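One structure is given below, encoded as structure tokens.
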Amino acid sequence: MGVQVSSANLLKDSMETKFCHGCKDDRPVNEFWKAQRHGKTALYSRCKKCEGERKYELHCVKCSDIFHVSHRHWRKIKVPKCLKCHRIENGERNAARAGESIRSTKGYEYVKEHGSNKYAFNHRLRVSQHLGRPLTKEEVVHHLDGDKLNNYIENLWLCDAKKHNAAHRSLELIALEMYRNGEVIFNKDTGQYERAPNDASELRSASS
């Protein structure tokens, strides 16, 4: 009985027509995709062939360039990236597989662990190798000079999250104290803090 109803519905869909906004022609209803909208079944405004040829304009999240994709690929895209950025990203992954270091989105360097398929931040790996043990999740590695790529052991300090935040706060307080003492000024044109022109270090460099 169910097969007979299905066959009747197919025959009905093949006889009914709908105007396609892509090819500008009346097409059988069974040539349109169906979608659920507000609890009701609705048909696409374009037939299956036109939807497959339809192009969507997207902005790349990496370089902000505009690129176009077909409807079939558009439905699968989660993070829009142009072909150029996609190839660069794949090249970085291949470099990491070859043992070369690459940079994370936050500026840290991470490398592939020796004899493993896992990747680790280079600064954490250096401290782990120096101590001869793996680091715990509670342990944090701080860059003393603020350079996230300076991963020499002399520039790394192992601590917990509380001490790490306190270290950054102490540096911020020192910078504010230098601002109050006139050693640092704020440039409103650039929106950045700068050393004051009468700073002793600049005077020494100017005299030399």
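The Ser104 and Asp25 beta-carbon pair, evaluated with R₀ = 45 Å, returns a calculated FRET efficiency of approximately 0.30. If the cut-off is 16 Å between C-alpha atoms, which lysines fall inside it for Lys48, apart from same-chain ones fewer than 8 positions away? Result set, ordered by chain and number: Lys18, Lys24, Lys34. Among Tyr110, Tyr56, the order by Cβ neighbours within 10 angstrom, fewest to most, reads Tyr56, Tyr110.
Here's the list of lysines a cross-link from Lys163 could span, going by alpha-carbon distance under 25 Å and ignoring same-chain residues fewer than 8 apart: Lys106, Lys137, Lys148.
Laboratory data are not the source of any read-out in this text; all were calculated from the coordinates shown. Treat the numbers as computed from the prediction; the structure is a model and nothing was measured. When we count neighbours, we look across all protein chains shown, and the Cβ atoms used for this are built from the backbone with ideal geometry, even at glycine.
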